[in-house]
Amino acid sequence: MYNVLTAQDRVRLPAQNFTMELTSGLSQILREKYERRVDKDSGTVLCIWDVKPMGDGTVIPSDGAAYYDVEFSALTYLPAVNEVIEASVSEIVEFGAFVGLGPIEGLIHLSQITNDFLNYNKKSAAFSGKESKKSLKKGDVVYAKVTTVSLKQHLSDTKIGLSMRPVGLGKDEWVEKEEKKGAQPQEKGTKKESKKVVTKESKRKGAKKKE
């Protein structure tokens, strides 16, 4: 989930930045400090903008810098457990599929792709279902549910787990096939009932013949 937050901070502006326009200098420092960093409460910080100094700066003797209290806006991304996302498959590996979730990647483990047994084709880098014939390859757009979120300080260490096993998830064509299958049991049930009637009638006829 993407969020726009308003935050405040105290920024140290070095003397070499004094020649820059004030908001540009403060923005540069804030971006270096926050962008692509992960916060457990806010998620991954994607962008910093609209930086506003709150009053005049303070100079500390022998520091060689000025300190400014600032307010700024931040765009963040924080995936939530049970959130359903639409994403594109970025890579297929032997143990699962990676999908792009904005600034990070999530993993759909092999066991969470579908209920069917899957074969992995190393040459084509794709999965295929043994019975369902479902296929999954790089570039496919899928719907998946977030199952685990492990946020770390660095973006590369953050782990997101997903699943496509629940009904209604996966590729659009998978969902369409499931919907078609959902209508079939009623027709089969009707045929079974007619067979039972025929069986009873045949038994009665057989009993009459014996008499």
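The values are calculated or read from the model by the stated rules, or taken from the named source; none is laboratory data. Owing to the predicted nature of the structure, the values given are computational and were not obtained by experimental measurement. Cβ coordinates were reconstructed from backbone atoms using ideal geometry, including for glycine residues, and neighbour counts include every protein chain displayed.
Table for the structure above
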| quantity | calculated |
| --- | --- |
| Within the range 75-101, considering residues that are assigned to a loop (DSSP other than H, G, I, E, B) and crowded, with 17+ Cβ neighbours inside 10 Å, the one nearest to the chain's Cα centre (by Cα) | PRO79 |
| Residue in the range 99-115 that is modelled with pLDDT of 90 or more, charged (D, E, K, R) and within 30 Å of GLU32 (Cα to Cα) present | yes |
| Answer from GLU105, GLU86, GLU91 - the residue that is of a type in the set (D, E, K, R), without any contact (Cβ under 8 Å) to a residue 60 or more places away in the chain and within 20 Å of ASP41 (Cα to Cα) | GLU105 |
| The range 150-164, subset surrounded by 17 or more Cβ atoms within 10 Å (Cβ to Cβ) and of a type outside the set (Ser, Thr, Tyr), residue farthest from SER42 (Cα to Cα) | MET164 |
| One residue from GLY96, GLY64 being over 30 Å from GLU178 (Cα atoms) and without any contact (Cβ under 8 Å) to a residue 60 or more places away in the chain | GLY64 |
| Members of the range 70-82 that are within 15 Å of LYS33 (Cα to Cα) and in contact with a Lys or Arg (Cβ under 8 Å, 6 or more places away or on another chain) | VAL70, GLU71, PHE72 |
| Test for LYS152: is it more than 20 Å from GLU94 (Cβ to Cβ) and modelled with pLDDT of 95 or more | no |
| Any hit, the range 41-52, residues being surrounded by fewer than 15 Cβ atoms within 10 Å (Cβ to Cβ) and either of a type in the set (Asp, Glu) or outside any strand (DSSP E or B) (or both) | yes |
| Filter result for the condition that a residue is closer than 24 Å to SER156 by Cβ and under 27 Å from the mean Cα position of the chain (by Cα), over LEU46, LEU30 | LEU46 |
| Meets criteria (among the small types (Gly, Ala, Ser) and loosely packed, with under 12 Cβ neighbours inside 10 Å) for GLY55 | yes |
| Matching entry among VAL4, VAL45 (being touching a residue at least 40 places away in the same chain (Cβ under 8 Å) and closer than 30 Å to VAL146 by Cβ) | VAL4 |
| Where a residue in the range 152-174 is farther than 25 Å from PRO103 by Cβ and its partner, wherever it lies, is small (Gly, Ala, Ser), with Cβ under 7 Å and at least six apart | none |
| Residue among SER132, SER124 that alone is surrounded by 14 or more Cβ atoms within 10 Å (Cβ to Cβ), farther than 30 Å from ASP39 by Cα and over 20 Å from the mean Cα position of the chain (by Cα) | SER132 |
| Residue among LEU118, LEU110 that is in contact with a helix residue (DSSP H, G or I) (Cβ under 7 Å, 6 or more places away or on another chain), without any contact (Cβ under 8 Å) to a residue 40 or more places away in the chain and surrounded by 12 or more Cβ atoms within 10 Å (Cβ to Cβ) | LEU118 |
